[in-house]
(Lines give C-alpha, C1' and ligand atoms only; values in the text may rest on other atoms or scores of the structure.)
Protein backbone atom coordinates (compact mmCIF):
# COMPACT_ATOMS: atom_id res chain seq x y z
CA UNK A 1 0.00 0.00 0.00
CA UNK A 2 2.84 2.41 0.90
CA UNK A 3 4.47 1.53 -2.42
CA UNK A 4 1.39 2.75 -4.29
CA UNK A 5 1.52 6.05 -2.43
CA UNK A 6 5.19 6.46 -3.43
CA UNK A 7 4.36 5.70 -7.05
CA UNK A 8 1.61 8.32 -7.12
CA UNK A 9 3.91 10.90 -5.57
CA UNK A 10 6.68 10.06 -8.02
CA UNK A 11 4.48 10.35 -11.06
CA UNK A 12 3.18 13.75 -9.96
CA UNK A 13 6.75 14.94 -9.49
CA UNK A 14 7.59 14.18 -13.13
CA UNK A 15 6.22 17.34 -14.68
CA UNK A 16 2.59 16.66 -13.86
CA UNK A 17 2.37 13.89 -16.48
CA UNK A 18 -0.36 12.09 -14.46
CA UNK A 19 -3.85 13.01 -15.50
CA UNK A 20 -6.61 13.55 -12.98
CA UNK A 21 -8.39 10.34 -14.03
CA UNK A 22 -5.25 8.29 -13.57
CA UNK A 23 -4.74 9.77 -10.13
CA UNK A 24 -8.26 8.88 -9.08
CA UNK A 25 -7.79 5.29 -10.30
CA UNK A 26 -4.58 4.88 -8.34
CA UNK A 27 -6.12 6.34 -5.19
CA UNK A 28 -8.96 3.84 -5.49
CA UNK A 29 -6.40 1.05 -5.72
CA UNK A 30 -4.83 2.29 -2.50
CA UNK A 31 -8.16 2.32 -0.73
CA UNK A 32 -8.95 -1.20 -1.96
CA UNK A 33 -5.61 -2.45 -0.68
CA UNK A 34 -6.32 -0.92 2.72
CA UNK A 35 -9.71 -2.58 2.81
CA UNK A 36 -8.25 -5.98 1.97
CA UNK A 37 -5.65 -5.69 4.70
CA UNK A 38 -8.29 -4.73 7.27
CA UNK A 39 -10.53 -7.67 6.33
CA UNK A 40 -7.71 -10.17 6.84
CA UNK A 41 -7.47 -9.50 10.56
CA UNK A 42 -8.93 -11.46 13.51
CA UNK A 43 -12.57 -10.33 13.18
CA UNK A 44 -13.82 -13.95 13.39
CA UNK A 45 -14.77 -16.33 16.18
CA UNK A 46 -14.95 -20.09 16.31
CA UNK A 47 -18.50 -21.45 16.28
CA UNK A 48 -19.77 -24.72 17.66
CA UNK A 49 -18.89 -26.41 14.39
CA UNK A 50 -15.50 -24.73 13.96
CA UNK A 51 -16.83 -22.08 11.55
CA UNK A 52 -16.05 -18.41 11.85
CA UNK A 53 -18.63 -15.83 12.85
CA UNK A 54 -19.36 -14.71 9.29
CA UNK A 55 -20.27 -18.26 8.35
CA UNK A 56 -22.29 -18.80 11.51
CA UNK A 57 -24.23 -15.61 10.91
CA UNK A 58 -25.40 -16.63 7.47
CA UNK A 59 -22.33 -15.28 5.65
CA UNK A 60 -22.57 -11.79 7.12
CA UNK A 61 -19.70 -9.98 8.80
CA UNK A 62 -19.33 -10.49 12.52
CA UNK A 63 -20.04 -6.80 13.07
CA UNK A 64 -23.63 -7.40 11.92
CA UNK A 65 -24.34 -9.41 15.07
CA UNK A 66 -24.97 -6.95 17.91
CA UNK A 67 -22.76 -7.48 20.95
CA UNK A 68 -25.77 -7.14 23.27
CA UNK A 69 -28.65 -9.61 23.12
CA UNK A 70 -31.93 -8.49 24.74
CA UNK A 71 -33.96 -11.39 26.14
CA UNK A 72 -37.40 -11.23 27.77
CA UNK A 73 -39.03 -13.83 30.01
CA UNK A 74 -42.10 -14.12 32.21
CA UNK A 75 -41.65 -13.60 35.93
CA UNK A 76 -39.77 -11.56 38.46
CA UNK A 77 -37.22 -12.74 41.00
CA UNK A 78 -34.10 -11.61 42.80
CA UNK A 79 -31.79 -13.44 40.39
CA UNK A 80 -33.50 -11.90 37.33
CA UNK A 81 -33.49 -15.28 35.59
CA UNK A 82 -36.10 -17.58 34.07
CA UNK A 83 -36.36 -21.24 34.95
CA UNK A 84 -35.86 -24.16 32.60
CA UNK A 85 -32.77 -25.00 30.60
CA UNK A 86 -32.44 -21.36 29.51
CA UNK A 87 -32.34 -20.08 33.07
CA UNK A 88 -29.94 -22.79 34.18
CA UNK A 89 -27.65 -22.14 31.22
CA UNK A 90 -27.56 -18.42 31.98
CA UNK A 91 -27.10 -19.07 35.70
CA UNK A 92 -24.10 -21.33 35.08
CA UNK A 93 -22.67 -19.23 32.24
CA UNK A 94 -23.03 -22.04 29.69
CA UNK A 95 -25.12 -20.03 27.26
CA UNK A 96 -22.94 -16.93 27.59
CA UNK A 97 -19.87 -18.96 26.64
CA UNK A 98 -21.60 -20.42 23.60
CA UNK A 99 -22.84 -17.05 22.33
CA UNK A 100 -19.46 -15.38 22.80
CA UNK A 101 -18.26 -17.39 19.83
CA UNK A 102 -20.62 -15.35 17.67
CA UNK A 103 -19.69 -11.92 18.99
CA UNK A 104 -22.40 -11.66 21.66
CA UNK A 105 -20.69 -10.42 24.81
CA UNK A 106 -23.69 -9.44 26.95
CA UNK A 107 -27.18 -10.82 27.49
CA UNK A 108 -29.63 -8.36 29.02
CA UNK A 109 -32.60 -10.02 30.69
CA UNK A 110 -35.95 -8.40 31.43
CA UNK A 111 -38.76 -10.04 33.38
CA UNK A 112 -42.39 -9.28 32.48
CA UNK A 113 -45.60 -9.84 34.46
CA UNK A 114 -47.33 -11.42 31.48
CA UNK A 115 -47.00 -12.35 27.82
CA UNK A 116 -48.87 -9.40 26.26
CA UNK A 117 -46.51 -6.94 27.95
CA UNK A 118 -43.53 -8.88 26.66
CA UNK A 119 -44.83 -8.99 23.10
CA UNK A 120 -45.28 -5.21 23.15
CA UNK A 121 -41.60 -4.82 23.98
CA UNK A 122 -40.65 -7.30 21.29
CA UNK A 123 -42.74 -5.51 18.67
CA UNK A 124 -41.31 -2.11 19.66
CA UNK A 125 -37.74 -3.38 19.30
CA UNK A 126 -36.75 -3.19 22.97
CA UNK A 127 -36.29 -6.96 22.94
CA UNK A 128 -34.59 -9.19 20.38
CA UNK A 129 -36.34 -12.37 21.47
CA UNK A 130 -38.23 -13.83 24.38
CA UNK A 131 -39.79 -16.86 26.03
CA UNK A 132 -43.47 -16.64 26.95
CA UNK A 133 -46.74 -18.55 26.94
CA UNK A 134 -48.09 -19.87 23.66
CA UNK A 135 -51.36 -17.92 23.80
CA UNK A 136 -49.97 -14.35 23.85
CA UNK A 137 -47.34 -15.34 21.30
CA UNK A 138 -50.02 -16.66 18.92
CA UNK A 139 -52.30 -13.67 19.46
CA UNK A 140 -49.43 -11.28 18.70
CA UNK A 141 -48.43 -13.10 15.52
CA UNK A 142 -52.04 -13.29 14.34
CA UNK A 143 -52.24 -9.52 14.87
CA UNK A 144 -49.29 -8.88 12.58
CA UNK A 145 -46.29 -9.02 14.93
CA UNK A 146 -43.16 -9.72 12.90
CA UNK A 147 -41.88 -12.64 14.96
CA UNK A 148 -40.77 -16.19 14.21
CA UNK A 149 -41.20 -19.21 16.46
CA UNK A 150 -37.85 -20.87 17.15
CA UNK A 151 -38.64 -23.27 20.02
CA UNK A 152 -41.39 -24.75 22.17
CA UNK A 153 -39.42 -25.96 25.16
CA UNK A 154 -42.33 -27.03 27.36
CA UNK A 155 -45.82 -28.34 26.63
CA UNK A 156 -47.14 -29.00 30.13
CA UNK A 157 -47.93 -25.65 31.75
CA UNK A 158 -50.79 -26.09 34.21
CA UNK A 159 -53.27 -23.29 34.86
CA UNK A 160 -55.33 -23.30 38.07
CA UNK A 161 -58.78 -21.94 38.75
CA UNK A 162 -58.99 -20.77 42.37
CA UNK A 163 -62.22 -19.78 44.15
CA UNK A 164 -62.53 -17.34 47.04
CA UNK A 165 -62.96 -18.61 50.58
CA UNK A 166 -66.60 -19.49 51.35
CA UNK A 167 -67.34 -18.94 47.66
CA UNK A 168 -67.95 -21.28 44.70
CA UNK A 169 -67.13 -24.94 45.30
CA UNK A 170 -67.35 -26.24 41.72
CA UNK A 171 -66.92 -24.93 38.20
CA UNK A 172 -70.69 -25.03 37.80
CA UNK A 173 -70.99 -22.60 40.71
CA UNK A 174 -69.30 -19.94 38.57
CA UNK A 175 -72.50 -19.27 36.67
CA UNK A 176 -73.23 -15.57 37.07
CA UNK A 177 -69.90 -15.01 38.87
CA UNK A 178 -66.88 -12.77 38.20
CA UNK A 179 -63.53 -14.31 37.33
CA UNK A 180 -60.23 -12.42 37.23
CA UNK A 181 -57.95 -13.42 34.35
CA UNK A 182 -54.89 -12.05 32.61
CA UNK A 183 -56.32 -11.20 29.21
CA UNK A 184 -54.40 -12.83 26.41
CA UNK A 185 -52.51 -15.27 28.66
CA UNK A 186 -52.53 -19.07 28.45
CA UNK A 187 -54.67 -19.08 31.60
CA UNK A 188 -57.26 -16.95 29.82
CA UNK A 189 -57.48 -19.61 27.15
CA UNK A 190 -57.65 -22.36 29.79
CA UNK A 191 -60.56 -20.75 31.69
CA UNK A 192 -62.61 -19.93 28.59
CA UNK A 193 -62.05 -23.44 27.25
CA UNK A 194 -62.91 -25.03 30.60
CA UNK A 195 -66.15 -23.08 31.02
CA UNK A 196 -67.15 -23.92 27.47
CA UNK A 197 -66.56 -27.62 28.10
CA UNK A 198 -68.56 -27.42 31.32
CA UNK A 199 -71.41 -25.58 29.63
CA UNK A 200 -71.08 -22.49 31.84
CA UNK A 201 -71.94 -19.42 29.77
CA UNK A 202 -73.23 -16.75 32.15
CA UNK A 203 -70.06 -15.35 33.71
CA UNK A 204 -67.96 -12.18 33.68
CA UNK A 205 -64.23 -11.98 33.00
CA UNK A 206 -62.17 -9.04 34.28
CA UNK A 207 -58.55 -8.42 33.35
CA UNK A 208 -56.14 -8.29 36.29
CA UNK A 209 -52.48 -9.14 36.75
CA UNK A 210 -51.90 -11.95 39.24
CA UNK A 211 -50.93 -9.74 42.23
CA UNK A 212 -54.02 -7.56 41.75
CA UNK A 213 -56.23 -10.59 41.16
CA UNK A 214 -54.97 -12.30 44.31
CA UNK A 215 -55.71 -9.17 46.34
CA UNK A 216 -59.18 -8.88 44.81
CA UNK A 217 -59.85 -12.54 45.63
CA UNK A 218 -58.82 -11.97 49.26
CA UNK A 219 -61.19 -9.00 49.51
CA UNK A 220 -64.01 -10.93 47.88
CA UNK A 221 -64.23 -8.49 44.95
CA UNK A 222 -64.04 -11.42 42.51
CA UNK A 223 -65.36 -14.95 42.90
CA UNK A 224 -62.44 -16.76 41.31
CA UNK A 225 -59.12 -16.15 39.66
CA UNK A 226 -56.49 -17.95 37.64
CA UNK A 227 -52.99 -18.72 38.78
CA UNK A 228 -50.22 -21.21 38.16
CA UNK A 229 -47.19 -22.85 39.66
CA UNK A 230 -46.03 -22.18 43.20
CA UNK A 231 -48.36 -19.19 43.65
CA UNK A 232 -51.42 -21.38 42.96
CA UNK A 233 -50.32 -24.02 45.47
CA UNK A 234 -49.77 -21.33 48.11
CA UNK A 235 -53.31 -20.05 47.62
CA UNK A 236 -54.72 -23.55 48.04
CA UNK A 237 -52.68 -24.00 51.23
CA UNK A 238 -54.13 -20.72 52.53
CA UNK A 239 -57.66 -22.09 52.27
CA UNK A 240 -58.79 -20.84 48.87
CA UNK A 241 -60.86 -23.34 46.88
CA UNK A 242 -59.17 -25.40 44.22
CA UNK A 243 -61.93 -25.46 41.61
CA UNK A 244 -59.97 -27.01 38.74
CA UNK A 245 -56.64 -27.19 36.98
CA UNK A 246 -55.51 -27.97 33.47
CA UNK A 247 -53.80 -31.24 34.41
CA UNK A 248 -57.26 -32.81 34.09
CA UNK A 249 -57.69 -31.33 30.60
CA UNK A 250 -54.66 -32.19 28.41
CA UNK A 251 -56.05 -30.14 25.53
CA UNK A 252 -56.10 -27.04 27.76
CA UNK A 253 -52.50 -27.26 28.97
CA UNK A 254 -50.27 -24.34 28.14
CA UNK A 255 -46.97 -24.50 26.35
CA UNK A 256 -44.03 -22.17 26.03
CA UNK A 257 -43.02 -20.28 22.92
CA UNK A 258 -39.61 -18.83 22.20
CA UNK A 259 -39.93 -16.17 19.53
CA UNK A 260 -37.42 -13.86 17.85
CA UNK A 261 -38.06 -10.64 15.98
CA UNK A 262 -37.56 -10.65 12.22
CA UNK A 263 -35.46 -7.52 12.67
CA UNK A 264 -32.96 -9.43 14.80
CA UNK A 265 -33.01 -12.41 12.43
CA UNK A 266 -31.94 -10.08 9.62
CA UNK A 267 -28.82 -9.31 11.65
CA UNK A 268 -28.19 -12.88 12.77
CA UNK A 269 -29.99 -15.39 10.49
CA UNK A 270 -28.49 -18.42 12.24
CA UNK A 271 -29.58 -17.30 15.69
CA UNK A 272 -32.31 -19.97 16.08
CA UNK A 273 -29.81 -22.77 15.47
CA UNK A 274 -27.19 -21.18 17.72
CA UNK A 275 -29.61 -20.49 20.57
CA UNK A 276 -31.19 -23.94 20.50
CA UNK A 277 -27.79 -25.62 20.47
CA UNK A 278 -26.75 -23.56 23.51
CA UNK A 279 -30.02 -24.40 25.29
CA UNK A 280 -29.62 -28.11 24.62
CA UNK A 281 -26.08 -27.98 25.99
CA UNK A 282 -27.42 -26.31 29.14
CA UNK A 283 -30.14 -28.97 29.44
CA UNK A 284 -27.58 -31.75 29.23
CA UNK A 285 -25.67 -30.12 32.09
CA UNK A 286 -28.88 -29.58 34.07
CA UNK A 287 -29.66 -33.29 33.93
CA UNK A 288 -26.29 -33.99 35.50
CA UNK A 289 -27.10 -31.68 38.43
CA UNK A 290 -30.78 -32.29 39.17
CA UNK A 291 -30.73 -31.50 42.89
CA UNK A 292 -28.77 -28.31 42.33
CA UNK A 293 -31.24 -27.33 39.62
CA UNK A 294 -34.23 -27.70 41.96
CA UNK A 295 -32.43 -25.57 44.54
CA UNK A 296 -31.95 -22.96 41.83
CA UNK A 297 -35.69 -23.09 40.98
CA UNK A 298 -36.57 -22.81 44.66
CA UNK A 299 -34.46 -19.67 44.94
CA UNK A 300 -36.04 -17.90 41.98
CA UNK A 301 -39.52 -19.13 42.93
CA UNK A 302 -39.22 -18.33 46.65
CA UNK A 303 -40.20 -21.88 47.59
CA UNK A 304 -38.65 -25.21 48.50
CA UNK A 305 -36.84 -27.65 46.20
CA UNK A 306 -39.57 -30.22 46.91
CA UNK A 307 -42.35 -27.93 45.69
CA UNK A 308 -40.23 -26.81 42.73
CA UNK A 309 -39.84 -30.46 41.76
CA UNK A 310 -43.60 -30.94 42.01
CA UNK A 311 -44.54 -27.85 40.00
CA UNK A 312 -41.85 -27.83 37.31
CA UNK A 313 -40.26 -31.27 36.99
CA UNK A 314 -37.30 -31.67 34.68
CA UNK A 315 -39.31 -34.21 32.70
CA UNK A 316 -41.47 -31.33 31.40
CA UNK A 317 -38.49 -29.76 29.61
CA UNK A 318 -38.27 -30.73 25.94
CA UNK A 319 -34.96 -32.11 24.66
CA UNK A 320 -35.40 -30.53 21.24
CA UNK A 321 -36.77 -27.27 19.91
CA UNK A 322 -40.02 -28.91 18.71
CA UNK A 323 -41.90 -32.16 19.32
CA UNK A 324 -44.94 -33.63 17.63
CA UNK A 325 -47.07 -33.53 20.79
CA UNK A 326 -46.06 -29.95 21.49
CA UNK A 327 -46.93 -28.78 18.00
CA UNK A 328 -50.26 -30.60 18.21
CA UNK A 329 -51.07 -28.71 21.40
CA UNK A 330 -49.97 -25.46 19.78
CA UNK A 331 -52.23 -26.10 16.79
CA UNK A 332 -55.17 -26.77 19.11
CA UNK A 333 -54.50 -23.58 21.04
CA UNK A 334 -54.31 -21.56 17.83
CA UNK A 335 -57.55 -23.02 16.50
CA UNK A 336 -59.31 -22.24 19.78
CA UNK A 337 -58.09 -18.63 19.80
CA UNK A 338 -59.24 -18.12 16.21
CA UNK A 339 -62.63 -19.69 16.95
CA UNK A 340 -63.12 -17.46 19.99
CA UNK A 341 -61.94 -14.42 17.99
CA UNK A 342 -59.11 -13.83 20.44
CA UNK A 343 -56.70 -14.23 17.52
CA UNK A 344 -57.45 -11.85 14.64
CA UNK A 345 -56.74 -14.28 11.83
CA UNK A 346 -55.91 -17.92 11.16
CA UNK A 347 -52.48 -18.99 9.96
CA UNK A 348 -50.33 -22.07 9.50
CA UNK A 349 -48.03 -22.81 12.41
CA UNK A 350 -45.44 -24.02 9.88
CA UNK A 351 -45.32 -20.53 8.34
CA UNK A 352 -44.48 -19.05 11.73
CA UNK A 353 -42.08 -21.77 12.81
CA UNK A 354 -38.38 -21.91 11.96
CA UNK A 355 -37.41 -25.58 11.88
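Taking the stretch 197-229 only, how many residues are in contact with a helix residue (DSSP H, G or I) (Cβ under 6 Å, 6 or more places away or on another chain) and either surrounded by fewer than 16 Cβ atoms within 10 Å (Cβ to Cβ) or over 20 Å from residue 245 (Cβ atoms) (or both)? Residues that pass the stated criteria total 1. The combined condition, being buried (at least 21 other Cβ atoms within 10 Å of the Cβ) and over 18 Å from the mean Cα position of the chain (by Cα), is fulfilled by residue 286.
As a summary of the residue check, residue 266 satisfies the conditions (1) part of a helix (DSSP H, G or I); (2) closer than 30 Å to residue 169 by Cα except for the one numbered (2). Any chance the stretch 135-143 includes a residue that's in a strand (DSSP E or B) and touching a strand residue (DSSP E or B) at 6+ places or on another chain (Cβ under 7 Å)? Among the residues of the stretch 135-143, not one is in a strand (DSSP E or B) and touching a strand residue (DSSP E or B) at 6+ places or on another chain (Cβ under 7 Å), which makes the answer no.
Is it true that residue 132 is on the phi < 0 side of the Ramachandran plot, in a strand (DSSP E or B) and touching a residue at least 60 places away in the same chain (Cβ under 8 Å)? Considered against the rule, which asks whether it is on the phi < 0 side of the Ramachandran plot, in a strand (DSSP E or B) and touching a residue at least 60 places away in the same chain (Cβ under 8 Å), residue 132 comes out as yes. Can we say residue 329 is touching a residue at least 40 places away in the same chain (Cβ under 8 Å) and in contact with a helix residue (DSSP H, G or I) (Cβ under 7 Å, 6 or more places away or on another chain)? No. Is there a residue being closer than 30 Å to residue 205 by Cα and crowded, with 17+ Cβ neighbours inside 10 Å anywhere in the stretch 259-267? Looking for residues that are closer than 30 Å to residue 205 by Cα and crowded, with 17+ Cβ neighbours inside 10 Å, one finds at least one in the stretch 259-267, hence yes.
When restricted to residues that are within 20 Å of residue 341 (Cβ to Cβ), in a helix (DSSP H, G or I) and in contact (Cβ under 8 Å) with a residue 24 or more places away in the chain, the stretch 145-204 contains 11.
Yes/no matrix, rows are residues, columns are (1) farther than 19 Å from residue 264 by Cα; (2) under 10 Å from the mean Cα position of the chain (by Cα); (3) modelled with pLDDT of 95 or more; (4) buried (at least 24 other Cβ atoms within 10 Å of the Cβ):
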| residue | (1), (2), (3), (4) |
| --- | --- |
| 113 | yes, no, no, no |
| 116 | yes, no, no, no |
| 126 | no, no, yes, no |
| 129 | no, yes, yes, no |
| 136 | yes, no, no, yes |
| 142 | yes, no, yes, no |
| 151 | no, yes, yes, yes |
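Checking every residue in the stretch 255-263 against the condition of being farther than 24 Å from residue 182 by Cα, touching a residue at least 24 places away in the same chain (Cβ under 8 Å), part of a helix (DSSP H, G or I) and touching a strand residue (DSSP E or B) at 6+ places or on another chain (Cβ under 8 Å) gives at least one match. I'm trying to understand the selection: among the residues of the stretch 294-304, which are part of a helix (DSSP H, G or I), surrounded by fewer than 18 Cβ atoms within 10 Å (Cβ to Cβ) and touching a residue at least 60 places away in the same chain (Cβ under 8 Å)? Correct list: 299 only.
Residue-by-condition table, conditions (1) at pLDDT 95 or above; (2) surrounded by 17 or more Cβ atoms within 10 Å (Cβ to Cβ); (3) in contact with a strand residue (DSSP E or B) (Cβ under 6 Å, 6 or more places away or on another chain):
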site	(1), (2), (3)
279	yes, yes, no
292	yes, no, no
306	yes, no, no
336	no, yes, no
342	no, yes, no
350	yes, no, no
353	yes, yes, yes
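Scanning the stretch 158-196 for residues that are closer than 19 Å to residue 119 by Cα and either buried (at least 19 other Cβ atoms within 10 Å of the Cβ) or under 16 Å from the mean Cα position of the chain (by Cα) (or both) gives 181, 182, 184, 185, 186, 187, 188, 189.
No other residue among 214, 247 is under 31 Å from the mean Cα position of the chain (by Cα), free of Cβ contacts under 8 Å to residues at least 40 places away in the same chain and assigned to a helix (DSSP H, G or I) apart from 214.
The values are calculated or read from the model by the stated rules, or taken from the named source; none is laboratory data. This one's a predicted model, so the numbers in the text were calculated from it and none came from an experiment. Don't worry about glycine lacking a Cβ; one is built from the backbone with ideal geometry, like all the others, and counts go over all protein chains shown.
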